[in-house]
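These notes concern the structure reproduced below.
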Ligand code: NDP
(Lines give C-alpha, C1' and ligand atoms only; values in the text may rest on other atoms or scores of the structure.)
Protein backbone atom coordinates (compact mmCIF):
# COMPACT_ATOMS: atom_id res chain seq x y z
CA UNK A 1 0.00 0.00 0.00
CA UNK A 2 0.98 3.63 -0.29
CA UNK A 3 -0.61 6.84 0.89
CA UNK A 4 -1.53 9.87 -1.21
CA UNK A 5 0.30 12.93 0.03
CA UNK A 6 -2.97 14.87 -0.20
CA UNK A 7 -5.13 13.68 2.72
CA UNK A 8 -8.90 13.35 2.42
CA UNK A 9 -9.24 16.52 4.50
CA UNK A 10 -7.09 18.73 6.72
CA UNK A 11 -8.24 17.57 10.14
CA UNK A 12 -9.13 14.29 11.79
CA UNK A 13 -11.81 15.03 14.37
CA UNK A 14 -14.58 12.99 16.01
CA UNK A 15 -13.43 9.81 14.28
CA UNK A 16 -13.15 11.06 10.70
CA UNK A 17 -11.70 13.57 8.27
CA UNK A 18 -13.22 17.05 8.36
CA UNK A 19 -12.55 20.16 6.33
CA UNK A 20 -13.29 23.83 6.68
CA UNK A 21 -11.94 25.75 3.71
CA UNK A 22 -12.49 29.01 5.59
CA UNK A 23 -9.19 28.30 7.38
CA UNK A 24 -6.01 29.87 5.95
CA UNK A 25 -4.22 27.64 3.45
CA UNK A 26 -1.17 25.58 4.41
CA UNK A 27 1.01 24.43 1.49
CA UNK A 28 2.86 21.23 2.26
CA UNK A 29 6.22 21.19 0.51
CA UNK A 30 8.54 18.28 -0.24
CA UNK A 31 11.87 19.58 1.06
CA UNK A 32 14.00 17.70 -1.49
CA UNK A 33 12.43 19.45 -4.48
CA UNK A 34 10.37 22.37 -3.22
CA UNK A 35 7.27 20.87 -4.90
CA UNK A 36 3.85 21.38 -3.30
CA UNK A 37 2.58 17.91 -2.34
CA UNK A 38 -0.62 18.83 -0.46
CA UNK A 39 -2.80 21.79 0.37
CA UNK A 40 -4.48 21.95 3.76
CA UNK A 41 -6.37 24.52 5.77
CA UNK A 42 -5.77 25.79 9.27
CA UNK A 43 -8.40 24.86 11.82
CA UNK A 44 -11.12 27.44 12.27
CA UNK A 45 -12.84 28.06 15.61
CA UNK A 46 -15.55 25.65 14.44
CA UNK A 47 -13.04 22.82 13.95
CA UNK A 48 -11.35 23.50 17.29
CA UNK A 49 -14.74 23.43 19.04
CA UNK A 50 -15.68 20.17 17.33
CA UNK A 51 -12.38 18.68 18.47
CA UNK A 52 -12.88 19.85 22.06
CA UNK A 53 -16.43 18.54 22.35
CA UNK A 54 -15.70 15.17 20.74
CA UNK A 55 -12.53 14.69 22.81
CA UNK A 56 -14.32 15.40 26.08
CA UNK A 57 -17.09 12.94 25.20
CA UNK A 58 -14.64 10.25 24.12
CA UNK A 59 -12.54 10.72 27.25
CA UNK A 60 -15.47 9.79 29.50
CA UNK A 61 -16.06 6.56 27.58
CA UNK A 62 -12.36 5.75 27.47
CA UNK A 63 -11.67 6.42 31.14
CA UNK A 64 -14.55 4.14 32.10
CA UNK A 65 -12.86 1.19 30.34
CA UNK A 66 -10.37 -1.00 32.20
CA UNK A 67 -6.67 -0.40 31.70
CA UNK A 68 -6.31 -3.77 30.01
CA UNK A 69 -9.04 -2.86 27.50
CA UNK A 70 -7.36 0.45 26.72
CA UNK A 71 -4.01 -1.26 26.40
CA UNK A 72 -5.41 -3.72 23.86
CA UNK A 73 -6.43 -0.84 21.57
CA UNK A 74 -2.99 0.79 21.83
CA UNK A 75 -1.21 -2.48 21.11
CA UNK A 76 -3.46 -3.13 18.10
CA UNK A 77 -2.57 0.35 16.82
CA UNK A 78 1.13 -0.50 17.26
CA UNK A 79 0.65 -3.64 15.15
CA UNK A 80 -1.16 -1.71 12.40
CA UNK A 81 1.61 0.89 12.33
CA UNK A 82 4.23 -1.83 11.98
CA UNK A 83 2.26 -3.50 9.17
CA UNK A 84 2.11 -0.17 7.33
CA UNK A 85 5.62 0.94 8.21
CA UNK A 86 6.75 1.35 4.61
CA UNK A 87 3.75 3.43 3.52
CA UNK A 88 3.99 5.58 6.65
CA UNK A 89 7.74 5.99 6.20
CA UNK A 90 7.34 7.05 2.57
CA UNK A 91 4.78 9.64 3.59
CA UNK A 92 7.06 10.85 6.40
CA UNK A 93 9.93 11.19 3.92
CA UNK A 94 7.76 13.19 1.52
CA UNK A 95 6.66 15.44 4.40
CA UNK A 96 9.99 15.96 6.22
CA UNK A 97 12.58 15.24 3.50
CA UNK A 98 14.37 12.81 5.82
CA UNK A 99 15.88 9.84 3.93
CA UNK A 100 13.67 6.78 3.63
CA UNK A 101 16.67 4.87 4.97
CA UNK A 102 16.03 6.70 8.27
CA UNK A 103 12.25 6.92 8.35
CA UNK A 104 11.93 3.17 7.76
CA UNK A 105 13.60 2.52 11.12
CA UNK A 106 13.23 5.64 13.27
CA UNK A 107 9.81 7.22 12.88
CA UNK A 108 6.68 5.06 12.63
CA UNK A 109 8.72 2.25 14.22
CA UNK A 110 9.46 4.40 17.26
CA UNK A 111 5.80 5.45 17.41
CA UNK A 112 4.75 1.79 17.40
CA UNK A 113 7.22 1.07 20.21
CA UNK A 114 5.57 3.78 22.34
CA UNK A 115 2.03 2.51 21.66
CA UNK A 116 3.09 -1.06 22.44
CA UNK A 117 4.98 -0.11 25.61
CA UNK A 118 2.27 2.10 27.09
CA UNK A 119 -0.39 -0.34 25.88
CA UNK A 120 1.38 -2.93 28.01
CA UNK A 121 1.55 -0.59 31.00
CA UNK A 122 -2.10 0.50 30.81
CA UNK A 123 -3.35 -2.51 32.75
CA UNK A 124 -0.72 -2.10 35.47
CA UNK A 125 -1.51 1.46 36.58
CA UNK A 126 -2.58 1.39 40.20
CA UNK A 127 -2.67 3.48 43.33
CA UNK A 128 -1.46 2.25 46.70
CA UNK A 129 -2.84 1.16 50.03
CA UNK A 130 -1.52 2.94 53.13
CA UNK A 131 -2.29 1.38 56.54
CA UNK A 132 -2.66 4.01 59.32
CA UNK A 133 -3.15 1.98 62.47
CA UNK A 134 -6.80 1.00 62.41
CA UNK A 135 -7.61 3.52 59.72
CA UNK A 136 -6.25 3.47 56.23
CA UNK A 137 -5.87 5.48 53.07
CA UNK A 138 -5.58 4.66 49.45
CA UNK A 139 -4.63 6.51 46.30
CA UNK A 140 -6.32 6.31 42.93
CA UNK A 141 -4.33 7.08 39.80
CA UNK A 142 -6.72 9.09 37.66
CA UNK A 143 -6.45 10.64 34.21
CA UNK A 144 -6.00 14.39 33.85
CA UNK A 145 -8.77 14.72 31.25
CA UNK A 146 -8.18 16.44 27.93
CA UNK A 147 -4.54 16.84 26.91
CA UNK A 148 -3.17 18.98 24.09
CA UNK A 149 -0.08 17.82 22.19
CA UNK A 150 1.88 20.23 19.99
CA UNK A 151 4.65 18.90 17.78
CA UNK A 152 7.83 20.07 16.07
CA UNK A 153 8.64 19.19 12.46
CA UNK A 154 11.57 16.85 12.83
CA UNK A 155 9.84 13.62 14.00
CA UNK A 156 6.11 14.11 13.31
CA UNK A 157 4.90 10.51 13.73
CA UNK A 158 7.18 9.80 16.64
CA UNK A 159 6.21 12.97 18.51
CA UNK A 160 2.48 12.30 17.99
CA UNK A 161 2.87 8.76 19.37
CA UNK A 162 5.26 9.65 22.20
CA UNK A 163 2.58 12.04 23.47
CA UNK A 164 -0.55 10.06 22.60
CA UNK A 165 0.60 6.69 23.94
CA UNK A 166 1.12 7.61 27.62
CA UNK A 167 -1.79 10.07 27.55
CA UNK A 168 -4.23 7.49 26.25
CA UNK A 169 -2.84 4.68 28.41
CA UNK A 170 -3.71 6.78 31.48
CA UNK A 171 -7.29 7.34 30.28
CA UNK A 172 -6.96 10.83 28.80
CA UNK A 173 -8.07 12.14 25.40
CA UNK A 174 -5.74 14.20 23.21
CA UNK A 175 -5.98 16.93 20.61
CA UNK A 176 -2.74 17.06 18.64
CA UNK A 177 -1.50 19.94 16.54
CA UNK A 178 1.38 19.01 14.25
CA UNK A 179 3.86 21.59 13.03
CA UNK A 180 2.42 23.39 10.02
CA UNK A 181 5.56 22.30 8.09
CA UNK A 182 4.84 18.57 8.56
CA UNK A 183 1.12 18.00 9.03
CA UNK A 184 0.59 14.70 7.20
CA UNK A 185 1.57 11.71 9.33
CA UNK A 186 -0.27 12.55 12.57
CA UNK A 187 -3.47 12.20 10.53
CA UNK A 188 -2.51 8.58 9.78
CA UNK A 189 -1.88 7.91 13.48
CA UNK A 190 -5.40 9.21 14.20
CA UNK A 191 -6.89 7.01 11.47
CA UNK A 192 -5.08 3.94 12.79
CA UNK A 193 -6.16 4.52 16.39
CA UNK A 194 -9.81 4.56 15.30
CA UNK A 195 -9.27 1.41 13.23
CA UNK A 196 -7.70 -0.21 16.33
CA UNK A 197 -10.84 0.50 18.34
CA UNK A 198 -10.32 3.88 19.98
CA UNK A 199 -13.58 5.80 20.50
CA UNK A 200 -14.22 8.51 17.89
CA UNK A 201 -12.76 11.79 19.17
CA UNK A 202 -10.23 10.25 21.55
CA UNK A 203 -7.27 11.39 19.45
CA UNK A 204 -8.03 14.36 17.23
CA UNK A 205 -5.60 16.11 14.88
CA UNK A 206 -6.13 19.76 14.04
CA UNK A 207 -3.85 21.70 11.72
CA UNK A 208 -2.65 25.23 12.11
CA UNK A 209 0.03 27.68 13.03
CA UNK A 210 0.76 29.29 16.41
CA UNK A 211 -2.70 30.86 16.65
CA UNK A 212 -4.41 27.47 16.62
CA UNK A 213 -1.88 26.13 19.12
CA UNK A 214 -2.54 29.08 21.35
CA UNK A 215 -6.34 28.59 21.15
CA UNK A 216 -5.87 24.98 22.29
CA UNK A 217 -3.46 25.82 25.11
CA UNK A 218 -5.64 28.55 26.60
CA UNK A 219 -8.95 26.68 26.47
CA UNK A 220 -10.16 26.14 30.06
CA UNK A 221 -11.36 22.62 29.19
CA UNK A 222 -7.79 21.51 28.58
CA UNK A 223 -5.99 19.97 31.58
CA UNK A 224 -2.51 19.40 30.18
CA UNK A 225 -0.20 20.70 27.48
CA UNK A 226 2.69 18.71 26.06
CA UNK A 227 4.93 20.62 23.66
CA UNK A 228 7.93 19.58 21.61
CA UNK A 229 9.49 22.70 20.21
CA UNK A 230 12.05 25.43 20.68
CA UNK A 231 12.83 27.24 23.94
CA UNK A 232 11.20 30.55 22.86
CA UNK A 233 7.96 28.73 21.95
CA UNK A 234 8.20 26.69 25.13
CA UNK A 235 8.42 29.86 27.19
CA UNK A 236 5.25 31.24 25.55
CA UNK A 237 3.27 28.00 25.76
CA UNK A 238 4.36 27.33 29.36
CA UNK A 239 3.27 30.85 30.37
CA UNK A 240 -0.11 30.42 28.67
CA UNK A 241 -0.61 27.04 30.37
CA UNK A 242 0.44 28.50 33.73
CA UNK A 243 -2.38 31.04 33.54
CA UNK A 244 -4.81 28.11 33.67
CA UNK A 245 -2.67 26.14 36.21
CA UNK A 246 -2.38 23.35 33.65
CA UNK A 247 0.06 20.51 33.91
CA UNK A 248 2.84 20.68 31.26
CA UNK A 249 5.48 18.60 29.59
CA UNK A 250 8.03 20.71 27.72
CA UNK A 251 10.49 18.96 25.39
CA UNK A 252 12.60 21.85 24.15
CA UNK A 253 15.88 22.55 22.46
CA UNK A 254 19.49 21.90 23.34
CA UNK A 255 23.15 22.60 22.62
CA UNK A 256 24.45 19.42 24.12
CA UNK A 257 28.08 18.54 24.85
CA UNK A 258 29.71 15.40 23.54
CA UNK A 259 33.04 14.88 25.31
CA UNK A 260 35.75 12.73 23.74
CA UNK A 261 38.72 11.82 25.93
CA UNK A 262 42.10 10.82 24.48
CA UNK A 263 41.67 7.18 25.51
CA UNK A 264 38.39 6.80 23.58
CA UNK A 265 38.00 4.39 20.69
CA UNK A 266 38.33 6.96 17.93
CA UNK A 267 36.08 5.14 15.45
CA UNK A 268 33.30 4.87 18.02
CA UNK A 269 33.71 8.51 19.02
CA UNK A 270 33.61 9.65 15.40
CA UNK A 271 30.56 7.44 14.83
CA UNK A 272 28.83 8.95 17.87
CA UNK A 273 29.63 12.46 16.70
CA UNK A 274 28.24 11.67 13.22
CA UNK A 275 25.02 10.23 14.66
CA UNK A 276 24.78 13.11 17.12
CA UNK A 277 25.17 15.82 14.48
CA UNK A 278 24.16 14.66 11.04
CA UNK A 279 21.33 12.12 11.41
CA UNK A 280 18.12 13.77 10.15
CA UNK A 281 20.43 16.45 8.72
CA UNK A 282 21.09 17.65 12.24
CA UNK A 283 17.46 18.39 13.05
CA UNK A 284 17.43 16.56 16.39
CA UNK A 285 16.94 18.35 19.69
CA UNK A 286 19.29 16.09 21.66
CA UNK A 287 22.21 16.43 19.24
CA UNK A 288 25.71 16.74 20.70
CA UNK A 289 26.64 19.80 18.69
CA UNK A 290 29.44 20.95 20.98
CA UNK A 291 32.02 18.22 20.47
CA UNK A 292 34.81 18.67 23.02
CA UNK A 293 37.87 16.65 21.94
CA UNK A 294 40.88 16.28 24.24
CA UNK A 295 43.89 17.90 22.61
CA UNK A 296 45.99 14.80 22.00
CA UNK A 297 43.24 13.19 19.93
CA UNK A 298 42.02 16.27 18.12
CA UNK A 299 43.88 15.93 14.79
CA UNK A 300 43.21 12.19 14.43
CA UNK A 301 39.55 12.70 15.31
CA UNK A 302 39.12 15.46 12.72
CA UNK A 303 40.95 13.46 10.04
CA UNK A 304 38.77 10.36 10.53
CA UNK A 305 35.64 12.50 10.74
CA UNK A 306 36.40 14.18 7.40
CA UNK A 307 37.24 10.80 5.82
CA UNK A 308 34.03 9.18 7.04
CA UNK A 309 31.92 12.11 5.91
CA UNK A 310 32.98 11.24 2.37
CA UNK A 311 30.50 8.38 2.80
CA UNK A 312 27.59 10.82 2.83
CA UNK A 313 25.16 10.11 0.00
CA UNK A 314 23.02 13.19 -0.55
CA UNK A 315 20.12 13.10 -2.95
CA UNK A 316 16.52 12.02 -3.44
CA UNK A 317 15.49 10.91 0.06
CA UNK A 318 13.06 8.36 -1.42
CA UNK A 319 16.11 6.46 -2.77
CA UNK A 320 17.08 4.01 -0.04
CA UNK A 321 20.78 4.39 -0.91
CA UNK A 322 20.62 8.06 0.14
CA UNK A 323 21.66 8.69 3.74
CA UNK A 324 21.54 12.47 3.97
CA UNK A 325 18.49 14.57 3.15
CA UNK A 326 17.55 18.23 2.95
CA UNK A 327 16.48 20.52 5.77
CA UNK A 328 12.75 20.81 6.32
CA UNK A 329 12.24 24.21 4.70
CA UNK A 330 13.87 27.05 2.82
CA UNK A 331 13.63 29.14 6.00
CA UNK A 332 15.54 26.50 8.00
CA UNK A 333 18.19 26.22 5.26
CA UNK A 334 18.64 29.98 5.26
CA UNK A 335 18.88 30.06 9.05
CA UNK A 336 21.54 27.33 9.03
CA UNK A 337 23.51 29.05 6.25
CA UNK A 338 23.38 32.25 8.31
CA UNK A 339 25.02 30.39 11.22
CA UNK A 340 27.68 28.95 8.90
CA UNK A 341 28.55 32.47 7.72
CA UNK A 342 28.64 33.61 11.35
CA UNK A 343 31.02 30.75 12.22
CA UNK A 344 33.37 31.76 9.40
CA UNK A 345 33.17 35.39 10.47
CA UNK A 346 33.99 34.43 14.07
CA UNK A 347 37.20 32.73 12.91
CA UNK A 348 36.23 29.08 13.33
CA UNK A 349 38.15 26.78 10.97
CA UNK A 350 35.99 25.08 8.33
CA UNK A 351 37.05 21.43 8.11
CA UNK A 352 34.45 20.34 5.59
CA UNK A 353 31.08 21.28 4.10
CA UNK A 354 29.82 24.82 4.52
CA UNK A 355 27.76 25.10 1.35
CA UNK A 356 24.09 24.96 0.46
CA UNK A 357 23.45 22.74 -2.54
CA UNK A 358 21.94 24.61 -5.51
CA UNK A 359 18.61 23.40 -6.89
CA UNK A 360 15.02 23.23 -5.75
CA UNK A 361 15.68 21.33 -2.50
CA UNK A 362 16.88 22.64 0.85
CA UNK A 363 20.15 20.72 1.16
CA UNK A 364 23.10 21.93 3.23
CA UNK A 365 26.35 19.94 3.28
CA UNK A 366 27.37 18.31 6.56
CA UNK A 367 29.61 20.97 8.04
CA UNK A 368 32.38 20.69 10.62
CA UNK A 369 34.06 23.64 12.30
CA UNK A 370 37.23 23.16 14.37
CA UNK A 371 39.03 25.62 16.70
CA UNK A 372 35.65 26.71 18.01
CA UNK A 373 35.75 28.59 21.31
CA UNK A 374 33.05 28.80 23.99
CA UNK A 375 32.02 32.38 23.29
CA UNK A 376 31.31 31.91 19.58
CA UNK A 377 27.68 32.10 18.50
CA UNK A 378 27.99 28.70 16.79
CA UNK A 379 28.98 27.23 20.18
CA UNK A 380 26.08 28.83 22.03
CA UNK A 381 22.95 28.80 19.82
CA UNK A 382 20.94 25.78 18.83
CA UNK A 383 21.37 25.71 15.03
CA UNK A 384 19.13 22.70 14.28
CA UNK A 385 21.00 21.77 11.14
CA UNK A 386 24.09 19.80 10.06
CA UNK A 387 26.73 21.97 11.75
CA UNK A 388 29.20 20.45 14.21
CA UNK A 389 31.41 22.64 16.41
CA UNK A 390 34.62 20.94 17.60
CA UNK A 391 36.23 22.50 20.66
CA UNK A 392 39.56 21.54 22.26
CA UNK A 393 40.05 20.76 25.94
CA UNK A 394 42.85 19.53 28.21
CA UNK A 395 41.49 18.55 31.63
CA UNK A 396 38.40 16.76 32.96
CA UNK A 397 37.43 19.51 35.43
CA UNK A 398 37.81 22.13 32.73
CA UNK A 399 35.62 20.30 30.21
CA UNK A 400 32.86 19.60 32.74
CA UNK A 401 32.74 23.28 33.70
CA UNK A 402 32.66 24.40 30.07
CA UNK A 403 30.12 21.75 29.05
CA UNK A 404 27.76 22.95 31.78
CA UNK A 405 28.13 26.64 30.87
CA UNK A 406 24.92 26.79 28.84
CA UNK A 407 21.29 27.57 29.50
CA UNK A 408 20.35 24.23 27.94
CA UNK A 409 20.45 20.80 29.60
CA UNK A 410 18.87 18.26 27.29
CA UNK A 411 21.61 15.70 26.60
CA UNK A 412 25.29 14.93 27.08
CA UNK A 413 27.67 12.20 25.97
CA UNK A 414 31.10 10.93 27.00
CA UNK A 415 33.48 8.72 25.04
CA UNK A 416 36.27 7.12 27.09
CA UNK A 417 37.59 3.65 27.91
CA UNK A 418 37.91 4.67 31.58
CA UNK A 419 34.47 3.72 32.88
CA UNK A 420 34.97 5.25 36.34
CA UNK A 421 35.68 8.55 34.62
CA UNK A 422 32.70 8.10 32.30
CA UNK A 423 30.27 7.73 35.21
CA UNK A 424 31.95 10.54 37.20
CA UNK A 425 31.74 12.98 34.29
CA UNK A 426 28.14 12.07 33.45
CA UNK A 427 27.28 12.49 37.14
CA UNK A 428 28.62 16.05 37.01
CA UNK A 429 26.93 17.13 33.78
CA UNK A 430 23.66 19.05 33.98
CA UNK A 431 21.63 17.18 31.38
CA UNK A 432 18.54 15.02 31.44
CA UNK A 433 19.38 12.36 28.85
CA UNK A 434 22.98 11.09 28.76
CA UNK A 435 25.08 8.58 26.86
CA UNK A 436 28.29 6.70 27.62
CA UNK A 437 30.24 5.51 24.57
CA UNK A 438 27.13 6.05 22.47
CA UNK A 439 24.92 8.90 21.31
CA UNK A 440 21.24 9.63 20.66
CA UNK A 441 19.76 6.26 21.56
CA UNK A 442 16.09 6.75 22.52
CA UNK A 443 14.56 3.42 23.58
CA UNK A 444 11.00 3.80 24.85
CA UNK A 445 11.98 2.09 28.11
CA UNK A 446 14.32 5.00 29.04
CA UNK A 447 12.99 8.39 30.22
CA UNK A 448 13.72 11.23 27.80
CA UNK A 449 13.76 14.92 28.61
CA UNK A 450 15.74 17.95 29.62
CA UNK A 451 17.06 19.91 32.58
CA UNK A 452 17.37 23.71 32.82
CA UNK A 453 15.86 25.52 29.79
CA UNK A 454 15.59 22.28 27.82
CA UNK A 455 12.39 21.23 29.44
CA UNK A 456 10.05 20.09 32.12
CA UNK A 457 8.83 16.53 32.63
CA UNK A 458 9.87 13.33 30.91
CA UNK A 459 8.58 11.40 27.93
CA UNK A 460 8.78 7.60 27.56
CA UNK A 461 9.29 4.96 30.23
CA UNK A 462 7.27 4.69 33.44
CA UNK A 463 8.29 8.27 34.22
CA UNK A 464 5.81 9.55 31.61
CA UNK A 465 2.90 8.06 33.56
CA UNK A 466 3.41 10.62 36.33
CA UNK A 467 3.04 13.41 33.78
CA UNK A 468 -0.25 12.14 32.33
CA UNK A 469 -2.07 11.11 35.50
CA UNK A 470 -2.87 12.52 38.91
CA UNK A 471 -3.27 10.97 42.31
CA UNK A 472 -6.41 11.17 44.36
CA UNK A 473 -5.83 10.38 48.07
CA UNK A 474 -8.70 8.88 50.04
CA UNK A 475 -8.59 8.66 53.86
CA UNK A 476 -10.89 6.00 55.33
CA UNK A 477 -11.78 6.14 59.04
CA UNK A 478 -12.84 2.80 60.46
CA UNK A 479 -14.06 4.01 63.88
CA UNK A 480 -16.00 6.89 65.39
CA UNK A 481 -15.19 10.52 64.54
CA UNK A 482 -13.95 12.31 67.68
CA UNK A 483 -14.80 16.01 67.36
CA UNK A 484 -13.88 18.55 70.11
CA UNK A 485 -17.45 19.82 70.46
P1 LIG B 1 8.74 25.69 17.27
O2 LIG B 1 9.05 25.96 18.67
O3 LIG B 1 8.81 26.78 16.29
O4 LIG B 1 7.25 25.08 17.16
C5 LIG B 1 6.86 23.95 17.88
C6 LIG B 1 5.34 23.79 17.75
O7 LIG B 1 4.69 24.80 18.51
C8 LIG B 1 4.82 23.94 16.32
O9 LIG B 1 3.74 23.06 16.13
C10 LIG B 1 4.38 25.37 16.30
O11 LIG B 1 3.42 25.61 15.29
C12 LIG B 1 3.77 25.51 17.68
N13 LIG B 1 3.67 26.87 18.20
C14 LIG B 1 4.44 27.94 17.90
N15 LIG B 1 4.06 29.01 18.65
C16 LIG B 1 3.04 28.60 19.45
C17 LIG B 1 2.21 29.24 20.44
N18 LIG B 1 2.38 30.52 20.77
N19 LIG B 1 1.25 28.51 21.04
C20 LIG B 1 1.08 27.20 20.75
N21 LIG B 1 1.81 26.56 19.79
C22 LIG B 1 2.78 27.24 19.16
O23 LIG B 1 9.69 24.46 16.92
P24 LIG B 1 10.03 23.84 15.51
O25 LIG B 1 8.84 23.21 14.90
O26 LIG B 1 10.79 24.87 14.75
O27 LIG B 1 11.00 22.66 15.96
C28 LIG B 1 12.33 22.86 16.25
C29 LIG B 1 12.58 22.98 17.73
O30 LIG B 1 12.01 21.91 18.45
C31 LIG B 1 14.04 22.95 18.07
O32 LIG B 1 14.39 24.00 18.94
C33 LIG B 1 14.24 21.63 18.77
O34 LIG B 1 15.30 21.59 19.66
C35 LIG B 1 12.94 21.40 19.40
N36 LIG B 1 12.73 19.99 19.58
C37 LIG B 1 12.80 19.47 20.85
C38 LIG B 1 12.68 18.12 21.06
C39 LIG B 1 12.70 17.56 22.43
O40 LIG B 1 12.15 16.51 22.63
N41 LIG B 1 13.31 18.19 23.40
C42 LIG B 1 12.46 17.21 19.95
C43 LIG B 1 12.37 17.86 18.67
C44 LIG B 1 12.50 19.21 18.52
P45 LIG B 1 3.92 25.97 13.79
O46 LIG B 1 5.17 25.26 13.50
O47 LIG B 1 2.80 25.51 12.97
O48 LIG B 1 4.13 27.45 13.84
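Summary of computed values
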| quantity | calculated |
| --- | --- |
| Elements of type helices (runs of 4 or more DSSP H) in the stretch 203-297, at least 2 residues being over 16 Å from the mean Cα position of the chain (by Cα) and within 12 Å of the ligand (Cβ to nearest atom) | 210-218, 231-243 |
| Flag for residue 372 being within 22 Å of residue 402 (Cβ to Cβ), assigned to a loop (DSSP other than H, G, I, E, B) and in contact with a helix residue (DSSP H, G or I) (Cβ under 9 Å, 6 or more places away or on another chain) | yes |
| Count of the stretch 343-369 residues which are part of a helix (DSSP H, G or I) and under 18 Å from residue 287 (Cβ atoms) | 1 |
| Residue within the stretch 461-475 that is over 16 Å from residue 251 (Cβ atoms) and outside any strand (DSSP E or B) present | yes |
| Whichever residue in the stretch 398-420 is farther than 19 Å from residue 272 by Cα and assigned to a loop (DSSP other than H, G, I, E, B) and, among such residues, is farthest from the chain's Cα centre (by Cα) | 405 |
| Looking only at the stretch 139-161, and only at residues there that are under 18 Å from residue 202 (Cβ atoms) and either at pLDDT below 95 or more than 16 Å from the ligand (Cβ to nearest atom) (or both), the one that is farthest from the chain's Cα centre (by Cα) | 142 |
| Selection count where residues are within 26 Å of the chain's Cα centre (by Cα), surrounded by fewer than 19 Cβ atoms within 10 Å (Cβ to Cβ) and either within 28 Å of residue 166 (Cβ to Cβ) or in contact (Cβ under 8 Å) with a residue 24 or more places away in the chain (or both), scope the stretch 17-34 | 4 |
| Filter result for residue 274 (at positive phi, surrounded by fewer than 22 Cβ atoms within 10 Å (Cβ to Cβ) and at pLDDT 95 or above) | no |
| Residue satisfying all of: in the stretch 330-363; within 16 Å of the ligand (Cβ to nearest atom) and touching a strand residue (DSSP E or B) at 6+ places or on another chain (Cβ under 7 Å); farthest from residue 269 (Cα to Cα) among these | 333 |
| Top-ranked residue of the stretch 303-315 - restricted to ones that are over 19 Å from residue 289 (Cβ atoms) and surrounded by fewer than 16 Cβ atoms within 10 Å (Cβ to Cβ), ranked as nearest to the chain's Cα centre (by Cα) | 313 |
| Check on residue 451, closer than 20 Å to residue 399 by Cβ and out of contact with any helix residue (DSSP H, G or I) (no Cβ under 9 Å at 6 or more places or on another chain) | yes |
| Residue count, the stretch 218-239 (criterion: touching a helix residue (DSSP H, G or I) at 6+ places or on another chain (Cβ under 7 Å) and within 19 Å of residue 143 (Cβ to Cβ)) | 5 |
| Which numbered condition residue 309 misses (of (1) in contact (Cβ under 8 Å) with a residue 24 or more places away in the chain; (2) over 23 Å from residue 158 (Cβ atoms); (3) within 16 Å of the ligand (Cβ to nearest atom)) | (3) |
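Here is a yes/no grid of residues against (1) without any contact (Cβ under 8 Å) to a residue 60 or more places away in the chain; (2) within 21 Å of residue 210 (Cα to Cα); (3) within 16 Å of the ligand (Cβ to nearest atom); (4) part of a helix (DSSP H, G or I):
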| site | (1), (2), (3), (4) |
| --- | --- |
| 121 | no, no, no, yes |
| 137 | no, no, no, no |
| 163 | no, yes, yes, yes |
| 176 | yes, yes, yes, no |
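Okay, residues lined up against (1) touching a strand residue (DSSP E or B) at 6+ places or on another chain (Cβ under 6 Å); (2) crowded, with 23+ Cβ neighbours inside 10 Å; (3) more than 23 Å from residue 147 (Cβ to Cβ):
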| site | (1), (2), (3) |
| --- | --- |
| 401 | no, no, yes |
| 422 | yes, no, yes |
| 430 | no, no, yes |
| 435 | yes, yes, yes |
| 441 | no, no, yes |
| 465 | no, no, no |
| 470 | yes, no, no |
| 473 | yes, no, no |
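The values are calculated or read from the model by the stated rules, or taken from the named source; none is laboratory data. Since the model is a prediction, treat every value here as computed from it, not as a measurement. Note that we place each Cβ from the backbone using ideal geometry, even for glycine, and neighbour counts take in every protein chain shown.
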